[in-house]
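Below you'll find the structure, written out as structure tokens, and then a few comments.
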Amino acid sequence: MEQTVIPTYAGPEPGSPTQVHAIIAELRRLYPEAMCSLNFSNPLELMVATQLSAQCTDERVNIVTARLFKKYRSIEDYASANQEELEQDIRSTGFYRNKARNLRSACQRILSEYHGEVPRTMEGLLSLAGVARKTANVVLGNAFGIVEGFVVDTHVGRLSRRLGWTRQTNPVKVEQELMRIIPQQDWLDLSHLLIFHGRAICDARKPLCTQCTLAMLCPSASLPTKSTDSQSGLEDRI
């Protein structure tokens, strides 16, 4: 009886400069317009949108914020918002009670501690309710052009594991490992590129490996894949 031969990975060492640079170059070719998918016009709007995006699609968030940003235009508007009313305004993004509470609390702290301006530092952003490194990195990089870390969402975490860049599942540990092997000038762009590729090709349940031009650079491309991403609950800090 003829046995099926499962091909083994023969590309560059995962995490090596050769592999990393080749992947970045190909992703840039595939997605030249890759950028933050959330709609915003100022740092406050981006902070709000990023918090709302927790376990919610960017498409849904953009639908919600199209109305939300017309109603709540300032830090003061969120800080003084009625909890129940704000909950209803963001209800369709999921986990709306936690999100509404965090938004109100974060904006109250911005008023009391940061003169009504969204902080421009990692330390300042991390002091706000509902903000952890993902949100802080998104705001710093996309609103202020400050790149201190690597944005790790579910797409970035999944692709980083499949590409052999990390075995970690904790986003903070994934970020630490990515920062060691990815040149800093690529941190912000690569996070967008990985997110675009995760949506288009490298699906959590059914990655389209036969259509993927990164297959020769990916140690997981010829292996059965199993989703390790959990949707079990929302942490208060994202």
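The values are calculated or read from the model by the stated rules, or taken from the named source; none is laboratory data. It should be emphasised that the depicted structure is a prediction, and the values quoted were computed from it without experimental measurement. We place every Cβ from the backbone using ideal geometry, glycine too, and count neighbours over all the protein chains shown. What goes into the accessible areas is simple: the full protein's heavy atoms, side chains included, and nothing from ligands, DNA or RNA. Shrake-Rupley method; radii C 1.70, N 1.55, O 1.52, S 1.80 Å.
Among Thr50, Thr18, Thr65, which is open to solvent by 80 Å² or more (accessible area, probe 1.4 Å), of a type in the set (Ser, Thr, Tyr) and either under 18 Å from the mean Cα position of the chain (by Cα) or at pLDDT 95 or above (or both)?
Thr18
Could we say that Gln55 is over 30 Å from Asp189 (Cβ atoms), modelled with pLDDT under 95 and either part of a loop (DSSP other than H, G, I, E, B) or of a type in the set (Gly, Ala, Ser) (or both) here? Before you say what the answer is, go through the steps one by one.
On the way: over 30 Å from Asp189 (Cβ atoms): no; modelled with pLDDT under 95: yes; either part of a loop (DSSP other than H, G, I, E, B) or of a type in the set (Gly, Ala, Ser) (or both): yes.
Judged against the criteria, Gln55 is not a match.
Can you name every residue in the stretch 78-94 that is surrounded by fewer than 18 Cβ atoms within 10 Å (Cβ to Cβ) and either touching a Ser or Thr at 6+ places or on another chain (Cβ under 9 Å) or in contact (Cβ under 8 Å) with a residue 60 or more places away in the chain (or both)?
Gly94
Consider Pro43 carefully, then state whether it is open to solvent by less than 70 Å² (accessible area, probe 1.4 Å), touching a Gly at 6+ places or on another chain (Cβ under 7 Å) and not β-branched (Val, Ile, Thr).
Spelling it out, it is not the case that Pro43 is open to solvent by less than 70 Å² (accessible area, probe 1.4 Å), touching a Gly at 6+ places or on another chain (Cβ under 7 Å) and not β-branched (Val, Ile, Thr).
With the condition kept exactly as written, say whether any residue in the stretch 197-210 is modelled with pLDDT under 95 and polar (S, T, N, Q).
Looking for residues that are modelled with pLDDT under 95 and polar (S, T, N, Q), one finds at least one in the stretch 197-210, hence yes.
Criterion first (touching a Ser or Thr at 6+ places or on another chain (Cβ under 9 Å), open to solvent by 40 Å² or more (accessible area, probe 1.4 Å), at pLDDT 95 or above and among the hydrophobic types (A, V, I, L, M, F, W, C)) does Phe150 satisfy it?
No; evaluated as a whole, the condition is false for this residue.
Taking the stretch 63-81, which residues are aromatic (Phe, Trp, Tyr) and not in a helix (DSSP H, G or I)?
Listed by number, the list holds a single entry, Tyr72.
All but one of (1) in a loop (DSSP other than H, G, I, E, B); (2) β-branched (Val, Ile, Thr); (3) within 25 Å of Met179 (Cβ to Cβ) hold for Thr8, so report the exception by its number.
Result: Thr8 passes all but (3).
Being aliphatic (A, V, I, L, M) and touching a residue at least 60 places away in the same chain (Cβ under 8 Å) is the filter; apply it to the stretch 164-199 and report the residue that is farthest from Glu26 (Cα to Cα).
Among those residues, the one meeting the criterion is Ile181.
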